[in-house]
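Here the structure is laid out as structure tokens; the discussion comes afterwards.
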Amino acid sequence: MEGCDLSCTFCIVPRTRGAEVSRPPEKIVEEVRRLAEAGTVEVTLLGQTVNSYGKGLRPPIDLGGLLRRVSEVPGIRRIRFITSHPSFVRPSLVQAMRDLPNVCKYLHIPVQSGSDRVLRAMRRGYTADRYLEICDTLRREVPGIEIASDFIVGFPGETAEDFERTAALLERVRFQNSFVFKYSPRPGTDAAELADDVPEEEKKRRNQALLDLQERISLEKNRARIGQRLEVLVEGPSKRDERRQTGRTDTHQIVNFDAGRDLRGRFVELEITGATAIALSGKIA
């Protein structure tokens, strides 16, 4: 799908990409089938708000239904989708992630802020408590799921208290990883009409504070993986050390390991032996 029907005040996507248009499911399934026949084992379904998929299609279908149809294509071992919006994490999607073994247990759902006041100014359409309810449901219904988020710091009018609420939400959810951005006005957006009143130095401080907090959480979560056996899909030589191979787990974690040969495109079971905040390291089990 492409386009977006939302009206977040900081975002230019609806004006540049237009209204949401969802491809018919049969065309998507046929494309996936052709890819699988050519040797593809992992596919990613893309959209600006991918989990609102299906608007206007007849007969009705949503992302959960599409995942079920794609999961039936022989040869497809992993299905990912990105990026999702909190407002469209529907029961059918949660059930598909729970029930379908080839749908990856990883969900990128940007929250942007932990302050209800800032979320209203951003026109995000949910509260911090509602976002926490979504994360609690995902963790309860989809064992082993990992969640990622985006944050914007220094949005017009964001106070120190607003920022502390954001930091508290990050600490509460314990995301696998987060992407943190300093607010800057985008011409053509509604937020560009607001006073950009958070000083640049304060934006930098808040940005680094969230990055530091996420780094600590990521390191703790990754260290807890040491000793586990995880399956990775190998992507090829590591970018930092071509003598090693790198792959990703079902939950999108990077794992580097010694192999002695190029295993690109293969699934390998690894024993996790080490961790940083960014990646895991392992050995072939």
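No lab work stands behind these numbers, since they all come straight from the coordinates. Everything quoted here is computed from the prediction, not taken from an experiment. Note that we place each Cβ from the backbone using ideal geometry, even for glycine, and neighbour counts take in every protein chain shown.
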### Task
Can you grab the distance from the C-alpha centre of region 231-285 to the C-alpha centre of region 46-97, Å, no decimals?
28
#### Entry: the chain, relative contact order [Cα under 8 Å, separation at least 6], %
13
### Query
Length gain on complete extension for the stretch D5 to E141, per 0.36 nm per residue less the alpha carbon to alpha carbon distance?
46.1 nm
### Task
Take each of the peptides 35-45, 79-89, average the number of other beta-carbon atoms within 10 Å over its residues, and list them starting from the highest.
79-89, 35-45
### Query
How much length, in nm to one decimal, is gained on full extension between L57 and K204, taken as 0.36 nm per residue of separation minus their Cα-Cα distance?
48.5 nm
### Message
Please flag any cysteine in the chain that has no other cysteine's Cβ under 4.7 angstrom from its own Cβ.
### Response
C4, C104, C135
### Query
To the nearest 20 debye, what is the magnitude of the charge dipole of the chain about its Cα centre, counting +1 on the Cβ of each Lys and Arg and -1 on the Cβ of each Asp and Glu?
720
### Query
What FRET efficiency do you get for L46 and E161 if R0 is 25 Å and r is their Cβ-Cβ distance, rounded to the nearest 0.05?
0.10
### Query
Sorted from largest down, what three extents in whole angstroms do the Cα atoms of region 103-262 have along their principal axes?
57, 35, 28
### Query
Which entry in (1) 32, 26, 17; (2) 41, 21, 15; (3) 30, 23, 19 matches semi-axes √(5λ) of the Cα gyration tensor in Å derived from the coordinates of this structure?
(1)
### Summary
Any GluC sites (Glu not before Pro) in region 163-269 that lie in a DSSP loop and have at most 16 other Cβ atoms within 10 Å would be E242
### Task
Name the lysines eligible as straight-distance cross-link partners of K55: C-alpha to C-alpha under 26 Å, and not fewer than 8 places from it in the same chain.
K27, K105
### R240 versus Q228: modelled label distance in nm, points set 7 Å from Cα along the beta carbon direction
2.0
### Summary
tail above 21 Å in the computed P(r) of region 46-177, as % of all Cα-Cα pairs, reads 43
